[in-house]
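The structure appears below as structure tokens.
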Amino acid sequence: MRTSLFCLFVLISHVNAWSDSNRVTNGLQVLYTFDEGRGDVVHDVSGTGEPLDLAIIDANMVQWSQGFVTLRNETLMKSDRPAKKLRQSIVQSKELTIEAWVKPANDTQSGPARIVSFSSDTSHRNITLGQNANAWEARLRTTATSENGTPATVTARGTCSNELAHIVYARDLSGTATMYLNSLAIVSQSVGGDLSNWDDFHLLLANEATGDRAWLGELHLVAIYSRALLPGEVKQNYEAGSDQEPPWAESVPSPVARTVDFVNDVQPILRAHCFECHSAGNEEGSLNLAIKSLAMEGGEHGPVLVRGNSLASSIVHLVSGVEPDRMMPPEDNEPLNAEQIGILRAWIDQGAAWPAGVDVLDPRLEKAREHWSFQRLKKTAMPVSKGGDVWSRTSIDAFIAEKLVENKISVSKPLPPNALARRIYFDVIGLPPTPEQVDTFVSSYGEDPIQAVSSLVDQLLSSQHYGERWARHWLDLVRFAESDGQESDRDRPTAFRYRDFVIHALNDDMPFDQFVRWQIAGDEYEPNSPVAVAATGFLTAGTNSVLDEKFIEEERLFNRYNELDDVISTLGTSMLGITVGCARCHDHKYDAFSAREYYRLLSVFHSGDRKSGKLPNGEDGLFFRDFDSSVRTTWLFRRSDFFDRELEVKMGFPSMLSAGRDADQYWTEAKSESQKVNSTFQRRALAEWITDVEFGGGPLLARVIVNRIWQHHFGQGLVRTENDFGVRGELPTHPDLLEYLANDFVANGWQFKRLHRMILNSAVYQQGSKRWSERWQPYSQQDADAMKVDPDNRLLWKMTPMRLEVEALRDAMLSVSGALNLQAFGPSFKPYIPPEANLARNIKGENYPSDAPDNADTRRRSVYMFHKRLVPYPLFQAFDRPDLLVGCSRRQNTTVAPQAMAMLNDRFVRDCAIDFARHLLADGGDNDMKLVEDSFRLAFSRRPSDLETEASISFIQAQREAREERDRLEAPIEAVADYCQTLFGLNEFIYVD
Amino acid sequence: MNSPFPCGRVVQPVGRREWLKRAGGGAGMLALTNLLNSERLLADEPASLNPMAPHDGHFPAKAKAVIWLFMEGAPSAVDMFDPKPELTRRDGEKTDIKAFNGNPGPLMKSPFSFKQYGECGQAVCDKYTHVAKHVDKMAFIKSCYSESNDHVPAIYQINSGLARPGFPTAGAWINYGLGTENQDLPGYVVLGNTKGAKGGPHNWGSGFLPTSYQGTLFRSQGTPILNLNRQPEMNELDQRAQLDLMAKLNDEHLKRHHGEAEFVARMQSFELAFRMQTEARDVVDLSKETEQTHAMYGINNPASKSYGSKCLMARRLVESGVRFVQVYSDGEWDAHSNLAANHTEHCEATDVPIAGLLEDLETRGLLDSTLVIWGGEFGRMPVSQNGNGRDHNPNGFLQWMAGAGVKGGVSYGETDEIGYAAVENRVSVNDLHATLLHLLGLDHKRLTYYHNGRSFRLTDVAGNVIHEVLA
């Protein structure tokens, strides 16, 4: 969609509206000054009412010059509509003036040859001013003259020659018609009658409407007034000359007083301020200021540059902000400064020289070629320590240390081992460590911290729970859920196979390039592998709505193309960190991704669709497959019009990320290497391209995923705009580190676990999360400096406490209660959802159960919970679980009362608390002290302080008494459950240091 | 066709409220500033971490609150407010109009009769005579159009501007832009369709905005909000004791983590939740209102009891400082067959309640600061379906506004002579939203949020304020 506010074209027609000059403006109806310099439109610049522009019927017959136009051969300039208002104003005032600055080509043309005519043919007119050989002639129709306006008013022979002349015809209220030549009255006569019989003819210049009374010569100015100018006023206009400066000229900065060079002086201005909207891809108003021929041609509404005349060039008018509403560049963009306008003016005045070979064919692509994230991977060496770094252990540390040393700050103290264990467990497997696991780690940490961490990391990465934890991050990105969404929201009972694929792939450390390839085209790589086919669940994970044939076609196409848009948008965002959806309606504003490329990418998926069916092993699945081996036609739908089928496009991949191999080459290879599958192999071609580090999208794919892994460990990425690696995204804080890691990742087989190890074993990861004592006093001067120098902690001089995602919160509640069912994989479970939240209407197929039990089957890990899009699980919804309608790369982290209400009043939370209580009581009997200590070790991986113990015990005792007084049968359990529920609500439960 | 997927032309890469994402906040989170300042904990922290704290818009607002009377299922303009003589004249004539369900019948005249009301002479059908008394307060926008022929995408669009799920709804944007007055109640309340929500909670979702801005569904009967009731084995004292212990233990934790404002905010959210259990119950307790008021809202009539109760609750919520209340009609105005019966039923359910609400707001002086909007997700066809019904029509439909900042007794835009498509002064959903934001003191072009690589707006890259309907 184009937004007119941002377009230059709507403004062109209004420029040069001279409101105040040396010329008379009172009664002015139309004014043509012929400053266009090019094109086939003459603009009415009177500023009076709706401009009455004239079209040049054959622009090849005219030649534009600075401030005038020459009629070299016969043509006609004709108003774009009948001049109704002109007629009305003159009929009403009963007076008029026609004024012209003209230079006839000769003193022989006759007829009279029409200079200005308000007429329909050779015998019907309101008024005509013309040339009859060497005399001027005016014909005015009144109730007393003929329809042809005769008898005419004619000047003496010899008054008209091929010299530039100022000719004026004025007729006043009394009926006196006077003609002035160069301000002198040369004829005056009475023309009786009134003008009430005038018609709404077109206004014409240089010919009769019928094309048989042509006039040749130069037109410098034509004006019509709805009053008779007085002799003094005629003189005033004559003295103002034929080519005046516009009145706003004074408010425009002067041209710089030097010779300007296009490439060095002018083009940088255009690039910085104009290319965004006026260059290849985004030619707003059809204006391109990056290519010489197009810039000189101007936009939809005429030229913007008049060589040799900067004041007549509308570009100068617009960038000067003479009219604030029409300022270019628009709105919030930085305006050109006086120096820049001066350069632009000087360049135009000096002839607008534009050397060959400096056109910018596509500035976005040019910019993309330099943009850091679109480059091939570059080998990056570890920085050499310049001293001052006493803590680095790993390559990552060296990169971080380099910047910290530069800024004279240092990392925080290492986290105490028990807290470190808690951090690593939650981070890697999403579950809290048991007290025994903490003890084991703490003791081995005492012996050899490096070795202890390294073994723990190895152990956790090989746990099945690692995949369960990290799959969630990926499932968020690809908006995985198990129902259709939209109105019908049908269940997708076999969608879990994709989730299982992700978990298995992570646990098996499947190379990420393969992981990506299978998700795009698993069926075209391994048609006999149920896992590979199920991996295409990536392409089916979004919402969909299918209407059958009887429904209106427009709506069905709307659904189909919205879904394909969702597929490629999700692919672009999750895998490449670029926004492709914008290009659906117009070329991407900032990145070199055009509408054509959007549809080329869309065509990859246009020959297929989602399918529920049998996987190769006979199991039911939900996957993507092509309809057959024939490629379905894809069109470039201009402005998303699904019925616009003129422009066919072929598959193609973003050129800004390509280096020398086109889609066809990938495709040919994909087809030749493939087994016999009834498929187009376009997806396989895309899969090859996107993972190709040498010629395709591989470098960006690697950078984006490495950044995401970093983000999940540290809370924010090295690039904080993790879904925008384009030219508008933020730069990495540690570019060399990101490059180093991306290289390492690719060179070592695209394996996550290696990257996790590098991060988890680093000192920077293991540092503490607090740098303050009580009351905000920094521990040391260095800490105080760090807070000042880098308050956002971009340099990583501490860790930031991280709030558990709600899945981890739920899993932790179940885990410490001893109630977590670790059954993995397979169909998802549906938790109980109270009627207040189970209210979606019109769901098709199976409704969400109203009586789902809370038992072992529903106490599995959260990654196995069924997410029905229209009936989200309330506890999860309260705690910022994304709705999974669009991809999510970073959980919101809000603190709202409904979260607290859930922790206080939700049945599931309470039941977990009761289980926790039973678990503690079973272990600790009635020893409150031991019970409190156990609970702290389970929930927080530490022992309670005396104060905490005391407060806890007295709470439990008080509750026991209170409940016994109320004759609660299970008062002892309930009292402890009250306590356990309190622990669940604590900050320390949900935040990890 | 408008862009179904917007693209950011808004140039601010990161919104000025970017920090909200981190700070969170919420349906009435206590303003932290005072607490922290009073403890002198915060030296250089942002002024407030509470995203729901009321703040100024871009310019002075006419409306402080909005009550959106959402007529789910789509009422028919030609049968309610926009009679078309030409449609009556051509009754039975075949056309080439295509309709959502296919196979449309010929043109069908309205089964209802019309009279003119008020000084403005606005026509209203004979089923809406109570609402009709207020036409001089209303601005009728008769030339709305949207994109989807299907209910749920259309409901998504009227709420969020986009005919696909997952984007923030108007109420969420408004709370993001302005916060809310009463920190003990949510800023965005939805009084839902008693038959359930077609399209689910995404109709009042916050999309990619922080969830603090999402709508909270209040039920008109029973427990108004989820988790508002304690579990049976818990009483207020038990919970108070829990909160006291929580405060002690959290304090110990906070001592080791000074500087983490999030931790303090979270502690306060529990106190607030505790208070809300009383506050929220009070605000929906209609027994506090007189019998006369109940009658004014039609609560004494079984046919209008449900909608009347919701309208009255809407007034009570707005009175308590809730910013945005959306009141769904029950069932659906979706008259695919027997339009006369369907619309008669829905008119009866809503006529007195809406008239009562307007009158009550006016009497209490709340109408000057409350914007009332009425309308559905699209309109209905001039041709018949199943003999005497009408199919969906996104090409032309009607909404009216009344109250704060709205010029009364005016009509803007027209559909064609049979009421099929908007032809004069066409109004898109973006335009409606731009106007809504404008009345609340927000410039729709400046209310932006950075997400997935670009700045989003409620109005995408379009939208014009309809100044002709503004007072």
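How much length is gained if the chain between A:Glu250 and A:Lys650 is pulled fully straight, taking 0.36 nm per residue apart and subtracting their Cα-Cα distance, in nm to one decimal?
138.6 nm
On a straight-distance basis, which aspartates and glutamates could pair with B:Lys64 in a cross-link, Cα separation under 19 angstrom, same-chain partners fewer than 8 positions away excluded?
Cα-Cα hits under 19 Å: B:Asp56, B:Glu181, B:Asp184, B:Glu319, B:Glu359, B:Asp360, B:Glu362, B:Asp368, B:Asp443.
Compute the distance in nm between two label points, each set 7 Å from the Cα along the Cα-to-Cβ direction, one at A:Asp200 and one at B:Arg89.
Inter-label distance under the simple model: 2.3 nm.
May I ask for the angle, rounded to the nearest 10°, between helix A:663-673 and the longest principal axis of chain A, with both axes built from Cα atoms and the value confined to 0 to 90°?
Helix A:663-673 and the main axis of chain A meet at about 40 degrees.
Mind checking the full-extension length gain between A:Asn847 and A:Asp439? Use 0.36 nm per residue of separation minus the Cα-Cα distance, one decimal, nm.
Result: 142.1 nm gained on full extension.
List the residues whose amide H sits under 5 Å from the amide H of B:His451, counting only those 5 or more places along or on another chain, with H placed 1.01 Å from N in the peptide plane.
B:Phe456
Quick one: compute the contact order of chain A, relative version, from alpha carbon pairs under 8 angstrom and 6+ residues apart, as a percent.
10 percent
At 7 Å along the Cα-to-beta-carbon direction for both B:His55 and A:His124, put a label point, then send me their distance in nm to one decimal.
6.7 nm
Please give the FRET efficiency for A:Arg81 paired with B:Glu291, using the beta carbon to beta carbon distance and R0 = 56 Å, rounded to the nearest 0.05.
After rounding, the FRET efficiency stands at 0.25.
Compute the Cα gyration tensor for the range A:280-357, then decide on rounded, prolate or oblate, letting a ≥ b ≥ c be the square roots of its eigenvalues: rounded whenever a/c is under 1.5, prolate when a/b is larger than b/c in the other cases, and oblate in all that remain.
The shape class here is oblate.
Cut-off under 19 Å on the C-alpha distance; same-chain residues fewer than 8 positions from A:Lys235 excluded. Which aspartates and glutamates are left, in chain and number order?
Those aspartates and glutamates meeting the cut-off are A:Asp20, A:Glu95, A:Glu99, A:Glu163, A:Asp172, A:Asp243, A:Glu245.
Suppose R0 equals 22 Å. What FRET efficiency, 1/(1 + (r/R0)^6) with r the Cβ-Cβ distance, do B:Asp126 and B:Asn301 give to the nearest 0.05?
E(calc), rounded to 0.05, equals 0.80.
Past the 22 Å Cα-Cα mark, which pairs from B:Lys115/B:Lys137; A:Lys868/B:Lys305; A:Lys292/A:Lys367; A:Lys868/B:Lys310; B:Lys137/B:Lys195?
A:Lys868/B:Lys305; A:Lys868/B:Lys310; B:Lys137/B:Lys195
List A:Tyr32, A:Tyr832 from most exposed to least, where exposure is judged by having the fewest other Cβ atoms within 10 Å.
A:Tyr832, A:Tyr32
Shape of the range A:165-228 from its Cα gyration tensor (a ≥ b ≥ c, root eigenvalues): rounded if a/c is under 1.5, otherwise prolate when a/b > b/c, or oblate?
Oblate is the answer for the range A:165-228, as a/c is 1.5 or above yet b/c matches or exceeds a/b.
Could you work out how much longer the chain between A:Ser954 and A:Gln451 gets when fully extended? Use 0.36 nm per residue separation minus the Cα distance between them, nm to one decimal.
So the chain would gain 176.9 nm between A:Ser954 and A:Gln451.
Reachable lysines from A:Lys614, Cα under 20 Å, same-chain residues fewer than 8 places away excluded?
By straight Cα distance, A:Lys614 reaches A:Lys676.
Once the Cβ-Cβ distance between B:Gln116 and A:Gln375 is put in as r, and R0 is 51 Å, what FRET efficiency do you end up with, to the nearest 0.05?
0.10
Which parts of the range A:856-887 would a label at A:Tyr832 reach, counting a residue when its backbone N lies under 15 Å from a point 7 Å out along Cα-to-Cβ?
A:856-860, A:874-875
Let a ≥ b ≥ c be the square roots of the eigenvalues of the Cα gyration tensor of the range A:20-150; is it rounded (a/c under 1.5), or, if not, prolate (a/b larger than b/c) or oblate?
In terms of gyration-tensor shape, oblate.
What nm value, rounded to one decimal, do you get for the distance between B:Asp282 and A:Thr176 when each label is placed 7 Å out toward the C-beta?
Inter-label distance under the simple model: 8.8 nm.
With a cut-off of 8 Å between alpha carbons and a minimum separation of six or more residues, what is the relative contact order of chain B in percent?
30 percent
Would you please name the trypsin sites (Lys or Arg not before Pro) within the range B:284-369 that are DSSP coil residues with at most 10 other C-beta atoms within 10 Å of their C-beta?
Nothing satisfies the criteria.
Given the pairs A:Lys379/A:Lys798; A:Lys844/B:Lys133; A:Lys386/A:Lys770, which are separated by over 31 angstrom at their Cα positions?
A:Lys844/B:Lys133
Using helices alone, I'd like the mean residue ellipticity at 222 nm for chain A: each DSSP H run of four-plus residues gives -39500 (n - 2.57), total over residue count, nearest 500.
For chain A, the value works out to -11000 deg cm²/dmol.
Quote the relative contact order of the range A:556-605 in percent (integer), defining contacts as alpha-carbon pairs under 8 Å separated by 6+ residues.
Averaging sequence separation for qualifying contacts and normalising by length gives 28 percent for the range A:556-605.
Only the coordinates and a few stated rules stand behind these numbers; no lab work does. Just so it is clear, the structure is predicted and the values come from calculations on it, not from any experiment. Heads up, the Cβs are rebuilt from the backbone with ideal geometry, glycines too, and the neighbour counts pull from every protein chain shown.
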